[in-house]
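Undergrad: There's a structure below that I have some questions on.
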Amino acid sequence: MFDKELAELEPSPYDFRFKFEDATGKHNYRNGDWEAHAMFWRECKRGGSEKALEWMNHTFNEEYPKRGMAFAIGNLAKRPQTWQLLGVIRLDELQQAALPL
């Protein structure tokens, strides 16, 4: 059921990527998550591709990092040697409350 629906999703004309640096060096991951393309098309319907890109840029480069985010990294059976960005997870960072002593 879902495979047919996913097969009908048109990829966007853009290659969405995340560039970042951590203790192991610089990274440039292509966002292989189909939801990013679905997000692009949904926002295009609301205001066109320019507005969609602006909204996605704000969401992924400003809002998510401020609130907390994580990357789902993995590999696929077709390419077990290649690590890919499979998804982006927004996580609200929680602060531990002070315990009464």
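Undergrad: Over the chain, with a Gaussian network built from C-alpha contacts below 10 Å, which listed residue (TRP34, TRP55, TRP83) shows the highest mean-square fluctuation?
TA: Residue with maximal mean-square fluctuation among TRP34, TRP55, TRP83: TRP83.
Undergrad: How much FRET efficiency would the formula 1/(1 + (r/R0)^6) give for GLN96 and TYR64, where r is the Cβ-Cβ distance and R0 is 22 Å, rounded to 0.05? Could you put the intermediate results ahead of the total?
TA: Values: r = 22 Å, r/R0 = 0.99.
The calculated FRET efficiency here is 0.50.
Undergrad: On C-alpha positions alone, give me the angle between the axis of helix 34-58 and the longest principal axis of the chain, in degrees, nearest 10.
TA: On a 0 to 90 degree scale, this one is about 90.
Undergrad: Identify the trypsin sites (Lys or Arg not before Pro) of region 65-101 meeting these criteria: DSSP loop state and at most 11 other C-beta atoms within 10 Å of the C-beta. Spell out each step's value before the answer.
TA: Values: sites: LYS66, ARG67, LYS78, ARG90; in loops: LYS78.
Passing sites in region 65-101 are LYS78.
Undergrad: Roughly what % antiparallel, to the nearest 5, for the DSSP beta bridges in the chain?
TA: On the way: 13 of 14 bridges.
Antiparallel bridges make up about 95 percent of those DSSP assigns within the chain.
Undergrad: Taking Rh as the Kirkwood radius computed over C-alpha pairs, what is the Stokes-Einstein D of the chain at 10 °C in a medium of viscosity 1.306 mPa s, expressed in µm² per second? List each step's numbers first, then the result.
TA: Values: Rh = 15.8 Å.
Translational diffusion coefficient: 100 µm²/s.
Undergrad: Are there any GluC sites (Glu not before Pro) in region 24-101 that are in a DSSP loop and have at most 13 other Cβ atoms within 10 Å? List them by number. Don't jump to the answer; show the numbers that get you there.
TA: On the way: sites: GLU35, GLU43, GLU50, GLU54, GLU62, GLU63, GLU93; in loops: GLU93.
Counting only loop positions with at most 13 other Cβ atoms within 10 Å, the GluC sites (Glu not before Pro) in region 24-101 are GLU93.
Undergrad: How far apart, in nm, are two points set 7 Å out from the Cα along the Cα-to-Cβ line at CYS44 and at ASP15?
TA: Each label point lies 7 Å from its Cα, and together they span 1.8 nm.
Undergrad: Compare HIS27, HIS58, HIS37 in a GNM of the chain, Cα atoms joined below 10 Å, and give the one with the largest fluctuation.
TA: Fluctuation is largest for HIS27.
Undergrad: Got the relative contact order for region 2-90 handy, in percent, Cα pairs under 8 Å and 6 or more residues apart? The partial results should precede the final answer.
TA: Values: 93 pairs, mean separation 20.9, N = 89.
After rounding, I find 24 percent.
All of the numbers you see were taken from the coordinates with simple rules; none came from a lab. As the structure is a prediction and not an experimental result, all values here were calculated from the model. Here Cβ is always computed from backbone atoms with ideal geometry, including for glycine, and neighbour counts include all displayed protein chains.
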